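Below is one structure, written out as structure tokens; the observations come after it.
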Amino acid sequence: MPVLFFGHGNPMNAIQTNAWTAAWSAVGASMPRPRAILSVPAHWYQPGTAVTAMAAPRTIHDFGGFPRELYRVGYPAPGDPALARRVRSLLAPTPVELDGHWGLDHGTWSVLLHVFPKADVPVVQLSIDETQAPAFHHDLGRRLAPLRDEGVLVVGSGNLVHNLHAYGWGRRSMAPYDWASRFEDAARELMRTGEHAPLVAYESLGPDALLSVPTPDHYLPLLYVLGLRAPDEPVAFPVEGFDGGSISMLSVRFG
């Protein structure tokens with residue numbers, strides 16, 4: 001299976017038709033059907049590593065202040081407890097909790113609504129341990145690589161550039177900030193050349209990186225995807241663009 005990182009952006013993308021959601025639909029149509037999906041979303045950001053292990057995960061509306069229509073959206077994909085146990089095995093000796101309470105948050109379902117709209121592919125979520133350094137997350141991604149040969153689609157969901165303090169709120173369109181464009185361009189080039197170490201140590205990339213990644217939660221899902229990349233595997237960017245000047249909607253595909 002390929003491995004994907006999605007820039008998921010605004011939760012309203014779940015119920016809108018725009019260039020990004022159309023591209024997400026095209027991504028789903030372009031790949032073989034997975035037997036299951038493992039999602040690593042920005043919004044399950046907590047102390048410790050956990051994986052959803054319930055048979056029927058709930059749809060979590062983990063946001064506020066949006067139209068009522070968005071809160072009525074459900075994504076009733078089944079879970080996959082066997083896959084959860086397989087993930088725990090692959091990540092050993094790192095402790096992994098088999099979680100029975102969380103479900104699917106909007107980092108997962110707002111994208112999958114377009115990629116697999118029938119919600120008929122089992123989905124499991126993996127949390128991001130907020131107490132660990134970036135290299136830890138890249139290493140976990142590397143250990144998950146066997147899943148690709150087992151028919152599992154691994155998806156990271158966040159945003160390469162995610163600075164809400166600089167976001168252009170309202171309905172006006174905004175060109176991306178210079179620092180946001182420069183950081184995205186630098187990250188693309190590092191992915192093209194296979195140089196992952198600077199992306200793992202992203203804070204060393206200077207002021208553009210610090211403005212683009214003021215908090216790590218939306219960036220770290222990319223490091224799992226980079227860890228899953230096979231040697232010399234080419235990269236593609238099936239979705240591009242910026243929202244509000246400071247949110248990169250870039251998607252990354254290996255395989």
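The values are calculated or read from the model by the stated rules, or taken from the named source; none is laboratory data. Everything quoted here is computed from the prediction, not taken from an experiment. Cβ atoms come from the backbone with ideal geometry, glycine included; neighbour counts cover every protein chain shown. Accessible surface areas use protein heavy atoms only, side chains included; no ligands, DNA or RNA. Shrake-Rupley method; radii C 1.70, N 1.55, O 1.52, S 1.80 Å.
Taking the Cα atoms of the chain, what is the range of coordinates along each of the three principal axes, in descending order and whole Å?
46, 42, 35
Report the trypsin sites (Lys or Arg not before Pro) located in segment 63-131 that are in a DSSP loop and have at most 15 other Cβ atoms inside 10 Å of their Cβ, or state none.
Here the sparse-neighbourhood loop sites are 72, 118.
Just the C-alpha atoms of segment 8-48: what Rg/Rh do they give, with Rh taken as the Kirkwood radius? Spell out each step's value before the answer.
Values: Rg = 13.2 Å, Rh = 12.6 Å.
Radius of gyration over Kirkwood radius for segment 8-48 works out to 1.05.
Any chance you could get the radius of gyration and Dmax over the Cα atoms of segment 85-236, in Å?
Expressed in Å, the Cα Rg and Dmax of segment 85-236 come to 16.6, 49.
Just to confirm a number: summing +1 for Lys and Arg and -1 for Asp and Glu over residues other than residue 51 whose beta-carbon lies under 14 angstrom from that of residue 51, what do you get?
Details: positive: 85, 86, 88, 143; negative: 80, 97, 99, 105, 129.
Local net charge: -1.
Return the whole-Å distance between the Cα centroid of segment 1-54 and the Cα centroid of segment 165-225.
19
Can you send over the carbon and sulfur percentage of the accessible area for segment 74-190, probe radius 1.4 Å, protein chains only?
Values: 2760 of 5040 Å².
Solvent-exposed carbon and sulfur of segment 74-190 make up 55 percent of the total.
Give, in whole angstrom and from largest to smallest, the semi-axes √(5λ) of the equivalent ellipsoid of segment 127-210, with λ running over the eigenvalues of the Cα gyration tensor. Walk me through the intermediate numbers first.
Details: eigenvalues 149, 54, 39 Å².
Each semi-axis is √(5λ); the values are 27, 16, 14 Å.
On full extension of the chain, what length is gained from residue 89 through residue 189, given 0.36 nm per residue of separation minus the C-alpha to C-alpha distance?
Working: separation 100, 0.36 × 100 = 36.00 nm, distance 3.39 nm.
Stretched out fully, the residue 89 to residue 189 stretch lengthens by 32.6 nm.
Each residue of segment 49-58 in turn: what ³J(HN,Hα) in whole Hz from Karplus with 6.51, -1.76, 1.60 and θ = phi - 60°, glycine and Pro shown as x?
Here the 3J(HN,Hα) series is 9, 9, 9, 5, 10, 8, 6, 9, x, 7 Hz.
Only Cα pairs within less than 10 Å get springs; with that Gaussian network setup on the chain, which residue of 124, 87, 154 has the largest fluctuation?
Between 124, 87, 154, it is 87 that shows the largest mean-square fluctuation.
If I build a Gaussian network model for the chain, linking alpha-carbon pairs within less than 10 angstrom, which residue out of 105, 80, 185 has the largest mean-square fluctuation?
Evaluated over the chain, the most mobile residue of the options is 185.
So with the 1.4 Å probe, I'd like the accessible area per residue for the chain, rounded to whole Å². The partial results should precede the final answer.
Details: 10480 Å² over 255 residues.
Averaged over the residues of the chain, the accessible area is 41 Å².
Report the paramagnetic label zone for residue 120: residues of segment 52-92 whose backbone N is under 17 Å from a point 7 Å from Cα along the Cα-to-Cβ axis.
Residues passing the 17 Å test: 75-79.
Cα extents of segment 187-255 along the three principal axes, largest first, in whole Å?
31, 25, 19
Identify which of 22, 145, 50 has the largest mean-square fluctuation in a Gaussian network model of the chain, with springs joining Cα atoms closer than 10 Å.
22
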